[in-house]
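Asker: Have a look at this one.
The values are calculated or read from the model by the stated rules, or taken from the named source; none is laboratory data. Keep in mind that this is a model prediction, so the values were computed, not measured. Every residue, glycine among them, receives a Cβ derived from its backbone with ideal geometry; neighbour counts consider all protein chains shown. What goes into the accessible areas is simple: the full protein's heavy atoms, side chains included, and nothing from ligands, DNA or RNA. Shrake-Rupley method; radii C 1.70, N 1.55, O 1.52, S 1.80 Å.
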Amino acid sequence: MEVPKTVWLFDCQAGINVEAAVVALSRESVKYLCHDWVEPNWWTETPLPDEAKQEPDYDWDWVALLSRDQRKPGRFAVGLQTPDGRLQGALVYRVGVNSALEPAKKAIFVDRIASAPANREYLVQAPRFRGVGNALLRYAVAESWFYTFGGRVNLFPVANVDFYLKRNFKPTNVLDPKTGDVLYELSDADAESRLRECGVL
Amino acid sequence: MAKSNRLSNDSISVVGGSDLPDAMDPTSSDDFNMPLGDLDRRLYLLMKLHPDIDLNFRLDDLSAMDDSTKQLLIGDIHSLLNVAPLKSTVL
């Protein structure tokens, strides 16, 4: 069994679902996600309001992130690439962290997800694609299934906690030691239900 | 700099940026012997991380296998551990 390397995104202009490829990210390719490495990039290819500089990921140094992880076998970075060659989203994740809900078991930790700023409906009048973050999260759950973790995934939400609660992510007693942010986790039972609902299982 | 919390209720635009406590994260060590190929790396992790797989495994064993043998081994491991295959080709 392999995990599908294609996901569905909704093309807002065409009004249809389209396929995007899951591609491995390199230190070279993620320069496009940073506001200060190459031009054009995610932050300049589409006109954005000044508030875009307040986005949580505006200052993320993706190159440093991938450099940090390059010799760690359990750490991966993938992007979603549409046929025009553009990256529509990125995911950095870790395979084999401890589960917070079931400490004797393993999980996948979603370190980062970012959708291209041009897909953020609160930044642009006409987003290009919808469903990028959801597709990356589905991929992380499928990866957890592949590694026999039952789909268990944990992550730190940035702000929209309600979104995760509605999707059965549970708050745990694990905190970021520096910020006090709460780790949320999708249990194996809820992950399996989610995969079945999506028709993946 | 203060960062925006304006995220849509119906989408995931940004996740993360916080740190897992070290005690929860066995993935933090560098491994200079890690397989570089994608399939090798996945098989290596699958065998290394699952507590029910008691296999005396060497990296040399991987390099001696062709890809179809590696895929068969992955299939055997999933079958042994009752991991149902994913039936969709698009997520």
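Asker: With 22 Å as the limit, write out which pairs from A:106/B:48; A:5/B:70; A:31/A:178 have Cα-Cα distances beyond it, or answer none.
Answerer: Table pairs above 22 Å Cα-Cα are A:31/A:178.
Asker: Can you give the accessible area buried between chains A and B, summed over both chains, with a 1.4 Å probe, in Å² to the nearest 100?
Answerer: Interface between A and B: roughly 6100 Å².
Asker: List every residue whose amide H lies under 5 Å from the amide H of residue A:129, counting only residues 5 or more places away in sequence or on a different chain, with H placed 1.01 Å from N in the peptide plane.
Answerer: It is A:12, by chain and number.
Asker: Could you tell me what percent of the accessible area of the protein assembly as shown is made up of carbon and sulfur, with a 1.4 Å probe and every protein chain present?
Answerer: The C+S portion of the solvent-accessible surface of the protein assembly as shown is 49 percent.
Asker: Still on this structure, I have one more. When the solvent-accessible surface of protein heavy atoms is calculated with a 1.4 angstrom probe, in what order do A:84, A:57 fall, highest first?
Answerer: If we order A:84, A:57 from most to least accessible, we get A:84, A:57.
Asker: Can you give the % of DSSP beta bridges in the protein assembly as shown that are antiparallel, to the nearest 5?
Answerer: Restricted to the protein assembly as shown, the bridges split so that about 95 percent are antiparallel.
Asker: Across bins of 5 angstrom width beginning at 0, how are the C-alpha pair distances of the protein assembly as shown distributed, in whole percent?
Answerer: Over the protein assembly as shown, the share of Cα pairs per 5 Å bin runs 1, 5, 12, 17, 19, 18, 14, 8, 4, 2, 0, 0 percent.
Asker: With heavy atoms of protein chains only and a 1.4 Å probe, what residues of segment A:180-197 have at least 40 Å² less accessible area in the full set of chains than alone?
Answerer: Relative to the lone chain, where solvent access is computed with a 1.4 Å probe, segment A:180-197 loses at least 40 Å² at no residue.
Asker: Using DSSP to define loop residues, name the trypsin sites (Lys or Arg not before Pro) in segment A:12-118 whose beta-carbon has at most 16 other beta-carbon atoms within 10 Å.
Answerer: Taking segment A:12-118 and a limit of 16 other Cβ atoms within 10 Å, the loop trypsin sites (Lys or Arg not before Pro) found are A:27, A:71, A:105.
Asker: Then there's this: How large is the accessible surface per residue of segment A:1-107, computed with a 1.4 Å probe and reported in Å² as a whole number?
Answerer: On a per-residue basis, 44 Å².
Asker: Then there's this: Do you know which residues of segment B:63-91 lose at least 20 square angstrom of accessible area in the protein assembly compared with their chain on its own, with a 1.4 angstrom probe?
Answerer: SASA drop of 20 Å² or more in segment B:63-91: B:71, B:74, B:78, B:83, B:84, B:85, B:86, B:87, B:88, B:89, B:90, B:91.
Asker: Rounded to the nearest 10 Å², what accessible area does residue A:37 show when all protein chains are kept and the probe is 1.4 Å?
Answerer: The accessible area comes out at roughly 120 Å².
Asker: Name the residues whose placed amide hydrogens come within less than 5 Å of the amide hydrogen of residue A:6, ignoring near sequence neighbours (fewer than 5 apart) on the same chain.
Answerer: A:22, B:91
Asker: Shifting gears a bit: Each residue of segment A:26-32 in turn: what ³J(HN,Hα) in whole Hz from Karplus with 6.51, -1.76, 1.60 and θ = phi - 60°, glycine and Pro shown as x?
Answerer: 10, 5, 6, 5, 7, 4, 5
Asker: I would also like to ask the following. As a test question: what accessible area, to the nearest 10 Å², does residue A:32 have when a 1.4 Å probe is rolled over all protein chains in place?
Answerer: 40
Asker: Per residue of segment A:59-72, in order, report the coupling 6.51 cos²θ - 1.76 cosθ + 1.60 (Karplus, θ = phi - 60°) as ³J(HN,Hα) in whole Hz, putting x for Gly and Pro.
Answerer: For segment A:59-72, the Karplus curve yields 9, 4, 9, 5, 5, 5, 4, 6, 5, 4, 9, 5, 10, 10 Hz.
Asker: How big is the charge dipole of the protein assembly as shown about its Cα centre, in debye rounded to the nearest 20, if each Lys and Arg gets +1 on its Cβ and each Asp and Glu gets -1 on its Cβ?
Answerer: I would put it at about 360 debye.
Asker: Output wanted: per-residue J couplings in Hz (rounded whole) for segment A:193-201, from phi through Karplus 6.51 cos²θ - 1.76 cosθ + 1.60, θ = phi - 60°, x for Gly and Pro.
Answerer: Values, residue by residue: 4, 5, 5, 5, 4, 7, x, 7, 9 Hz.
Asker: Name the residues of segment A:35-77 whose accessible area falls by at least 40 Å² when all protein chains are present instead of the chain alone, probe 1.4 Å?
Answerer: For segment A:35-77, once contacts with the other chains are taken into account, A:54, A:56, A:71, A:72, A:73, A:75, A:76 lose 40 Å² or more.
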